[in-house]
Amino acid sequence: MARTLIAGNWKMNGVSASLPEIEAIAAGVTPAKPGVEALICVPATLLTRASAAAAESALMIGGETCHAKVSGAHTGDISAPMVADAGASHVIVGHSERRADHGESSETVAAQAAAAIEAGLTPIICIGETAAERDSGKAIEVVTGMLRASLPAGADPARLVIAYEPVWAIGTGNVATVEAVDEMHTALRACLSGIFGAAAGDIPILYGGSMNPGNAAGLLTVRDVNGGLIGGASLKAADFLAIYAAA
Ligand code: PGA
């Protein structure tokens, strides 16, 4: 059985003045609930300070992306060893906003995930269909295809986290139905089992997309939902902690 991970994604939000929210979240998740991990992924500029703020707590800190290369002439990019060096334990790769804004393909995402693992980080590999893909009835086919293409070759399943985030549910308030989430997560688990065998059962599969304190309990009771990747509702400690409490 996979452990549960409640992960926040601050996206391009947060400056020094936001650090008290990290401190409040860190205090609220400490001591840790058995079997439930808490993580906040922050902009690169906050990684070091957020890591320091969470140091004595059960809260883990993550990055929001990393480059596939260790170093080099890539102005403005941040490598996986840099994210790890700044105190992160995890890094999001392949978020739909990165795929859309920066043209990151699943092949790029697989290389980023491999770089993350090499640097000692746990990658959170994001996949999800657009509204048009869901409307065409191809959501499962599209998302399982994205999963296969975004996994680094030969990855240790103990080092992976998957996040299913339907693009149409992100930041829209249009949360996927429990039935649709159940169907997708069951398909993703089956896909992972085909690749990793029994060890696939230990890979957390998170749901993301307008998860909030009101809908978290319902989503988190779905059999193959092992946590959440939470954007907007992770910016306020009270909302994030209410979701953590629901897990
Ligand atoms: P949201 O974002 O919770 O604001 O919909 C989720 C995400 O993009 O990770």
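The values are calculated or read from the model by the stated rules, or taken from the named source; none is laboratory data. Keep in mind that this is a model prediction, so the values were computed, not measured. We place every Cβ from the backbone using ideal geometry, glycine too, and count neighbours over all the protein chains shown.
Quick notes
- Screening R148 with (1) more than 16 Å from the ligand (Cβ to nearest atom); (2) under 20 Å from E97 (Cβ atoms); (3) of a type in the set (D, E, K, R) gives one miss only, at (2).
Conditions tested, residue by residue: (1) at pLDDT 95 or above; (2) within 26 Å of G145 (Cα to Cα); (3) touching a Gly at 6+ places or on another chain (Cβ under 9 Å).
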{"residue": "L5", "(1), (2), (3)": "yes, yes, yes"}
{"residue": "I22", "(1), (2), (3)": "yes, no, yes"}
{"residue": "V70", "(1), (2), (3)": "yes, no, no"}
{"residue": "T75", "(1), (2), (3)": "yes, no, no"}
{"residue": "R98", "(1), (2), (3)": "yes, yes, no"}
{"residue": "S106", "(1), (2), (3)": "yes, yes, yes"}
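- Of all residues in region 38-64, those being surrounded by fewer than 24 Cβ atoms within 10 Å (Cβ to Cβ) and either touching a Lys or Arg at 6+ places or on another chain (Cβ under 6 Å) or among the β-branched types (V, I, T) (or both) number 2.
- The set of residues from region 155-195 being assigned to a loop (DSSP other than H, G, I, E, B), among the polar types (S, T, N, Q) and more than 11 Å from the ligand (Cβ to nearest atom) comprises just one member, T177.
- Only listed residue being free of Cβ contacts under 8 Å to residues at least 12 places away in the same chain, more than 13 Å from the ligand (Cβ to nearest atom) and over 26 Å from M184 (Cβ atoms), chosen from S79, S71: S71
- Positions within region 66-89 being closer than 25 Å to E23 by Cα and either crowded, with 23+ Cβ neighbours inside 10 Å or among the acidic types (D, E) (or both), in sequence order: C66, A80, V83, D85, A88
- Top-ranked residue in region 118-139 [being surrounded by fewer than 19 Cβ atoms within 10 Å (Cβ to Cβ) and aliphatic (A, V, I, L, M); ranked as nearest to the ligand (Cβ to nearest atom)]: A131
- Matching option when the condition is among the charged types (D, E, K, R) and more than 21 Å from R223 (Cβ to Cβ), among E165, E179, E183, E141: E141
- Residue list for region 201-246, filter: of a type in the set (A, V, I, L, M), surrounded by fewer than 20 Cβ atoms within 10 Å (Cβ to Cβ) and either part of a loop (DSSP other than H, G, I, E, B) or within 11 Å of the ligand (Cβ to nearest atom) (or both): V222, L235
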